[in-house]
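Below: one structure, written as structure tokens.
The values are calculated or read from the model by the stated rules, or taken from the named source; none is laboratory data. In this text the structure is predicted, and so the values were computed from the model without any measurement. All Cβ positions, even for glycine, are placed from backbone atoms using ideal geometry, and neighbour counts span all protein chains on display.
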Amino acid sequence: MVEAGHLDAKLVDEPGRLAALKRYELLDTPKEAPFDRITDLVKTVLDVPIVTISLIDRDRQWMKSCVGLDVSETARDISFCTHTIKSRQPMHVPDATLDPRFKDNPFVTGPPHIGSYVGVPLATPDGYNLGSLCVIDLVPRTFSESQIAVLKSFAALVTDEFELRRLAQIDYLTGASTRRGFFLEMEKAISRFVRNQRPSSVVVFDIDHFKLVNDEYGHAAGDAVLRGLAERMASLLRTSDVLGRLGGEEFGILLMDATLEQAVKSAERFRRGLEEFVVDHDPPLKVTASFGVAELEAGLLLGERWLARADAGLYEAKRTGRNRACVGSASTLTY
């Protein structure tokens, strides 16, 4: 049980809160149906024009889900929700035009002309407020205790979804991201590329002759190889890189801010690192892997297309002898 005093300390621990927000990997992710269903329901149940699931980043408010407002983010210093996360209790603003905190706010004096607001903080199990579930009306309005209680119940559903989403992104055997989690990271890299032209590359690799390991030593040995490989690869990655298990013995690595040339060098380093690695087993096992590499570019702005380009390199590596890294070529792709 977390003590109240410790919880209150979390309200002023901004570095810890931002670290928790990063850990949940929610920012700049695509729309997701579970969150959109919640905001749609809240809009109907409480009869309000605007509902958002807002996350408070270092300098901005970003909406994981939003109905009734055509924005995806705002500056943090003018957001209502940055005030909501300072408390454990809902924040109720019956008339924004009379509240000294908000009466001169550009969202009150200008579009959408906020009249009233209720926000419920979205707290992690360890006590950090990541953001809020909030409702907005365009006229002054006093929300009843029962209506606020309903909003708190919906906020609990949002935080449950946060937890389910986080758990669903970790592969239980290897500790790597799941395929779903890996694709979410790719989508974030694509968003950064579209906004700022920041380079990123994907490396995919597949264990050579993995079926022989299972056939000769059993599936427990196969699992030991997968765990050992993931641990070895994690030791070779930068903190900004993401390792994902894409299925079976196939893995992916997202290399942030890496050009194709840099990614090819990294893939070769990974290949050598695995070639030299010995899996702790009786008898000790050694494996190699084949690698495919692709840099993000304008024609690959879908995760599946980007990954398919890297897969083309992987297939070429297998075709030409395995235990090597090849660059994916558009000429070998079929969509």
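Scanning the stretch 1-22 for residues that are at pLDDT 90 or above, farther than 16 Å from Pro121 by Cα and of a type in the set (D, E, K, R) yields a total of 0.
Count of the stretch 12-55 residues, restricted to those that are touching a residue at least 12 places away in the same chain (Cβ under 8 Å), of a type outside the set (A, V, I, L, M), closer than 18 Å to Ser79 by Cα and surrounded by fewer than 18 Cβ atoms within 10 Å (Cβ to Cβ), is 1. Answer yes or no as to whether Phe102 is in a helix (DSSP H, G or I), surrounded by fewer than 22 Cβ atoms within 10 Å (Cβ to Cβ) and either within 29 Å of the chain's Cα centre (by Cα) or of a type outside the set (S, T, N, Q) (or both). When the stated conditions are applied, Phe102 does not pass them. For the stretch 123-135, a tally of residues being farther than 11 Å from Cys81 by Cα and either assigned to a strand (DSSP E or B) or not polar (S, T, N, Q) (or both) returns 5. Among all residues of the stretch 41-53, there is at least one that is assigned to a helix (DSSP H, G or I) and either out of contact with any helix residue (DSSP H, G or I) (no Cβ under 8 Å at 6 or more places or on another chain) or modelled with pLDDT under 95 (or both). Residues in the stretch 304-332 that are within 15 Å of Thr259 (Cα to Cα) and either of a type in the set (Gly, Ala, Ser) or in contact with a Lys or Arg (Cβ under 6 Å, 6 or more places away or on another chain) (or both): 2 in all.
Within the stretch 192-217, the set of residues being of a type in the set (Phe, Trp, Tyr) and crowded, with 21+ Cβ neighbours inside 10 Å comprises just one member, Phe205.
Considering each residue of the stretch 185-216, count those that are polar (S, T, N, Q) and more than 26 Å from Arg271 (Cβ to Cβ), and give that number. Total satisfying the criteria: 3. The residues in the stretch 165-190 that are part of a helix (DSSP H, G or I), of a type in the set (Gly, Ala, Ser) and modelled with pLDDT of 90 or more can be counted, and the count is 1. For the stretch 89-116, a residue qualifies if it is more than 19 Å from Ala75 (Cβ to Cβ) and β-branched (Val, Ile, Thr), and exactly one does: Thr97.
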